[in-house]
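I have placed the structure first, in the form of structure tokens, so that the comments after it can refer back to it.
The values are calculated or read from the model by the stated rules, or taken from the named source; none is laboratory data. In this text, all values refer to a predicted model and were calculated from it rather than measured experimentally. When we count neighbours, we look across all protein chains shown, and the Cβ atoms used for this are built from the backbone with ideal geometry, even at glycine.
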Amino acid sequence: MVVKSQCNGHRVTGLYVGVNNVRRYFPRNIAAIDLQLDHLRIQCGLTPLFWNGHPEIHDPRLCDWLESKQFQGKGCRSSMPLAMIPSGENSFILGPAALNRHTRARRTADSPAADSDRTESVLADSRLPN
């Protein structure tokens, strides 16, 4: 799935998951998820708002990681698309999204097979060195 970093001024404030992604990839009312951020594994709590139309993840460690990947001291100018790949029960790998292939596939196909191809494409590209 493709998610986006959220910015407020010069800081990253969280990760926007999206209502459709919540319905599809998150078991109802889980309290937390595990995120793999490069070599770091963190657990992020999910607030009640996550389930009620505000599908956002807020965690200071996640925000610091996102800032290091996105801005490298330049400030927050726009959100950054990221691949969030399921990797077990309530566990995900977060990395860069392969925009060129993923965006094109998403706009032209909505079949389950296309979803699988997109996930494999994003995962393969997220394993490339930064």
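Taking every residue in the range 74-97 that is at pLDDT below 90 and pairing it with any residue that is part of a loop (DSSP other than H, G, I, E, B), at least 6 positions away or on another chain, the pairs with Cβ-Cβ distances below 7 Å are G75/H10; C76/G9; C76/H10. The sole residue among S91, S5 that is surrounded by fewer than 16 Cβ atoms within 10 Å (Cβ to Cβ) and polar (S, T, N, Q) is S91. Meeting the requirement of 1 or more residues that are more than 13 Å from the chain's Cα centre (by Cα) and closer than 22 Å to A98 by Cα, the strands (runs of 3 or more DSSP E) wholly within the range 1-84 are 2-8, 11-16, 40-45. Scanning for something among the acidic types (D, E) and surrounded by 13 or more Cβ atoms within 10 Å (Cβ to Cβ), does the range 38-48 turn up at least one residue? No, that holds for no residue.
Filtered by the rule that a residue be more than 10 Å from L66 (Cβ to Cβ) and either surrounded by 13 or more Cβ atoms within 10 Å (Cβ to Cβ) or not charged (D, E, K, R) (or both), the range 12-30 gives Y16, V17, G18, V19, N20, N21, V22, Y25, F26, P27, N29, I30.
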